[in-house]
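The values are calculated or read from the model by the stated rules, or taken from the named source; none is laboratory data. Keep in mind it's a predicted model, so treat the numbers as computed, not measured. Cβ: placed from backbone, ideal geometry, glycine included. Neighbour counts: every protein chain shown. Quick note on the areas: whole protein, heavy atoms, side chains included, nothing else; ligands and nucleic acids left out. Shrake-Rupley method; radii C 1.70, N 1.55, O 1.52, S 1.80 Å.
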Amino acid sequence: MSIKTEEISSLIKKQLANYEDSISVQETGTVTYVGDGVARADGLENAMAGELLEFSNGVYGMAQNLESNNVGIVVLGDFTGIREGDTVKRTGRIMEVPVGDQLLGRVVDPLGRPLDGLGEIKTDKTRPIEHKAPDVMERKSVSVPVQTGIKVIDALVPIGRGQRELIIGDRKTGKTSIALDTIINQKNQNMICVYVAIGQKESTVKASVETLRKYGALDYTIVVSASASNPAPLLYIAPYAGAAMGEEFMYNGKDVLIVYDDLSKQADAYRELSLILRRPPGREAYPGDIFYTHSRLLERAARLSDDLGGGSMTALPIIQTQAGDVSAYIPTNVISITDGQIFLDADSFYAGQRPAIDAGTSVSRVGGDAQIKAMKKVAGTLRLDIASYNELASFAQFGSDLDSETQARLARGQRTMEVLKQGLHEPQPVEQQVVTLYALSHSYLDNVPVDDIQRFESELANYMRANHQDLYDQIKSTGKLPEGDSLDKAISDFKETFKTSDQKKSEKADEASDNSDDSEDANN
Amino acid sequence: MSLDQKTVAGRYAKALIELAQADDQLKQTSQELSSLRDVFKDNPGLLSALNGTSLSVGQKKGLISDLKQGASKYVANLIQMVFDYGRINDMVAIIDEFEKQYDALIKRIHAVVVTAVQLDEKRRKEMSEALAKRFDAKEVVLDEKVDPSIIGGAIVHVGGQTLDGSVNTKLQEMRRLLVNN
């Protein structure tokens, strides 16, 4: 085979078509200080706030402080290779990340570089990480639900598409689990998910990714990870990068769910770099613009108007509290920005009530409009039941002589709490939740022993799927409870066949005695 | 909060320039200051000696009066004042800043030119003229450096700007285009 010179040279010519033989003119500055993820540079008089700058060793930085004599730069990468006296040049660009379908199923860092070893991500589009949130006229009110698959959330604190619902609680109370379960439940719900892990251990991120992969949720999810070993600037920009990736889908008319896990770590990272940049510290040593840091991020979650395609971005920010203190600076800030919060209580978590959602303090300010009618009907009295149960339970501990009404309410309360328990990574479809809660609110569970409630629930679901799939389909498609008494009939039919543990035990004992009789007979 | 060197230098330089301008002694002051800077550069120990504690005040005063020898009134006063105020460490920065402001005043530029081979007289003149035109300057002071690794062409640093027309950079750029496509 001979080398075809002409073919090759025409190829090269084509590739070099964009090359222009011109002198590059660049504005440069000199590094005067470097350390702790931050550099200062002389010169660069025309640098813009937030502009991307390139150091002579190829590391990028972002201009943060523009002062009279120097520019404060946060270094997005390894700062140990930068020396005093190095040159920094302007790029004229604002920080951008790659966006698009190619990112789905991938694990990337906040600059959009792959971390999962699955090769280069070939996207043809980028978006600036800072982007103005949609304004009033570009929005629409929230009306379509996000089904989290978690009974207590879907019933008590419903979340709508385009809402911002805070998940808040102490460490190890199941915050991340709620977020991951919600992502897992978005399968076949026409939702794209972005999971932004900020300041977490690499092993934790790996475990979360594997969980998503195991449940087939990674196919529609982008994981953005800035782990604890990354320098503070990367932790700081991670949520903005994730939001930019989500926005691309939102502006294309799709529904997006984004989880920021967690924003307290991002606030800590921002505090760190602000202090090194010598910005004045405020309350709890956070800089003055820490509120804006979170508000401009969460404002980017929206339900777009029909003119803009009607896409949405639902944000689930996570905040970690210290010893249940929601009145600390960052928790109060984010509570005031979001449209409600899911409060996780350490005490009930350790008491076995999982998910440990505190029904009293958890609210959703807009989600009610997004709840389906059937759910609204069956969940209507739930909050009240729980509140009166909690009140009575603390009294009931003292005395044993209770009137029958109080006892009935206590019994209902115990069963309600039992129904609201749910296993890890076991999201349930909304129709199943509705039937379970229907059975609860229509007193079908009142004479089922508390220990048997969960078995009753799962067997009811199996029975319904086997014999009354039409009712499930009806609830799912119309969003309303079935007309007439078909649902009541189905549940009471099931209850006829249901055996409590005690009944089973006594049956077993009978059987055993029967068997022994038989064997005696055989011997004779 | 203490002021940083650049702010301090800017203030001293501005005052000196205004004073010298009023008295029409700018050119002479500028020349004296650059030779003063050469003195500091040629004797690296001088600054630390004036700044440190190894010499007594009397000895330091002696050094200062040596420095002032032959200097015009303004420059001599500047040296004395900067020393008295304990800012002798900022002296070089003050001179740099003075030069910068003086350059802006008389439309002069300082350009660092990096080439692969030594410039000859003709090229030097062409370069000066081209730079003068580009930066709208009346006078161009070239600081020539030779660096064979740039292969050909030239790199010019003027103030905060870099004009890169070197063959090396162009080759890198072509390489980037070919590899990325």
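Some values worked out for this structure:
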read-out: Amide hydrogen neighbours beyond the local backbone of A:L257, cut-off 5 Å, H modeled; value: A:I192, A:C193, A:V194, A:T314
read-out: Hull shadow area, averaged, the protein assembly as shown [alpha-carbon convex hull, nm²]; value: 55.0
read-out: By accessible area with a 1.4 Å probe, ligands and nucleic acids excluded, highest first: order of A:Y19, A:Y286; value: A:Y19, A:Y286
read-out: Among A:S513, A:P280, A:V136 - extreme Cα towards positive end, dipole of the protein assembly as shown, charges at beta-carbon; value: A:P280
read-out: Interchain or long-range residues, amide H under 5 Å from B:Q161's placed H; value: A:T28
read-out: Chain A: angle of helix A:263-276 to the longest principal axis, Cα-based, in degrees nearest 10; value: 30
read-out: Neighbour net charge for A:T182 - beta-carbon separation under 12 angstrom, K R +1, D E -1; value: -2
read-out: Table column - 3J(HN,Hα) (Hz), the range A:52-60, Karplus curve with 6.51, -1.76, 1.60, x for Gly and Pro; value: 7, 10, 10, 7, 5, 8, x, 6, 9
read-out: Within the accessible area of the range A:261-330 (1.4 Å probe), percent carbon and sulfur; value: 51
read-out: DSSP beta bridge pairing in chain A, given as percent antiparallel to the nearest 5; value: 60
read-out: Theoretical gain in end-to-end length, A:K206 to A:D347 [0.36 nm per residue, Cα-Cα removed]; value: 47.9 nm
read-out: Folded to 0 to 90 degrees: helix B:26-42 orientation relative to chain B principal axis, Cα; value: 90
read-out: Largest to smallest accessible area among B:E139, B:E121 [probe 1.4 Å]; value: B:E121, B:E139
read-out: Cα Rg, Dmax, chain B, angstrom units; value: 20.7, 70
read-out: Rounded accessible area of B:D96 (nearest 10 Å², 1.4 Å probe); value: 70
read-out: Computed lengthening from A:I3 to A:N447, 0.36 nm per intervening residue step minus Cα-Cα distance; value: 151.1 nm
read-out: Overall Cα dimensions of the range A:28-94, principal axis frame, Å, largest first; value: 25, 22, 18
read-out: Qualifying trypsin sites (Lys or Arg not before Pro) for the range B:89-166 [loop in DSSP, other Cβ within 10 Å: at most 13]; value: B:K107, B:K138
read-out: Rg/Rg_globular for the range A:374-524, with Rg_globular taken as 2.2 N^0.38 Å and Rg from C-alpha atoms; value: 1.30
read-out: Pairs of Cα atoms farther than 19 Å apart, the range A:252-388, %; value: 62
read-out: Prolate/oblate/rounded call for the range A:98-371, Cα gyration tensor, a/c under 1.5 rounded; value: rounded
read-out: Note, ³J(HN,Hα) from phi for the range B:135-146, Karplus 6.51, -1.76, 1.60, rounded to Hz, x at Gly and Pro; value: 9, 6, 10, 8, 9, 10, 9, 9, 10, 8, 9, 10
read-out: Rel. contact order, % - alpha carbon contacts under 8 angstrom, at least six apart, the range A:28-94; value: 42
read-out: Bins of 10 Å, starting at 0 and running to the largest distance - Cα pair percent for the range B:108-180; value: 20, 47, 25, 8, 1
read-out: Interface burial for B against A (accessible surface, 1.4 Å probe, total of both chains, Å², rounded to 100); value: 1500
read-out: Length-normalised contact order of chain A in % [C-alpha pairs under 8 Å, at least 6 apart]; value: 14
read-out: In Å², nearest 10: area of A:E130 left accessible to a 1.4 Å probe; value: 70
read-out: Dipole moment magnitude, nearest 20 debye, chain A about Cα centre, only Lys, Arg, Asp, Glu C-beta charged; value: 1540
read-out: Residue-count net charge about A:L410 - beta-carbon cut-off 15 Å; Lys, Arg +1, Asp, Glu -1; value: -4
read-out: With eigenvalues of the C-alpha gyration tensor scaled by 5 and rooted, the range A:88-199, Å; value: 30, 20, 15
read-out: For the range A:320-393 versus the range B:129-181, the gap between their alpha-carbon centres in whole angstrom; value: 64
read-out: Value of [θ]222 nm, deg cm²/dmol, for chain A, DSSP H segments ≥ 4, -39500 (n - 2.57) each, nearest 500; value: -12500 deg cm²/dmol
read-out: Rounded to whole Å, sorted largest first: equivalent-ellipsoid semi-axes of the range A:197-329, Cα gyration tensor; value: 27, 20, 13
read-out: Residue-normalised accessible area of the protein assembly as shown, given per residue in Å² at a 1.4 Å probe; value: 50
read-out: Residues with amide H under 5 Å from that of A:Q163, placed H, sequence gap 5 or more; value: A:A315
read-out: Trypsin sites (Lys or Arg not before Pro) restricted to the range A:371-474 and DSSP loop, no more than 16 other C-beta within 10 Å; value: A:K421
read-out: Mean Cα-pair separation over length for the range B:39-181, i.e. relative contact order, pairs under 8 Å, 6 or more apart, %; value: 18
read-out: Helix axis angle, B:167-180 relative to chain B longest principal axis, alpha carbon, degrees; value: 60
read-out: Antiparallel content of DSSP bridges confined to chain B, in %, to 5; value: 55
read-out: Reach of B:K122 by Cα under 27 Å, taken over lysines that are not fewer than 8 positions away in the same chain; value: B:K107, B:K133, B:K138, B:K145, B:K170
read-out: Net charge dipole size for the range A:28-94 [Lys, Arg +1 and Asp, Glu -1 on Cβ; Debye, nearest 20]; value: 160
read-out: Bridge type composition, the range A:18-113 - antiparallel percent by DSSP, nearest 5; value: 100
read-out: Accessible area, probe 1.4 Å, largest first, for residues A:I276, A:I167; value: A:I276, A:I167
read-out: The range A:283-288 - phi-based ³J(HN,Hα) in whole Hz, Karplus 6.51/-1.76/1.60, Gly and Pro as x; value: 4, 6, 6, 6, x, x
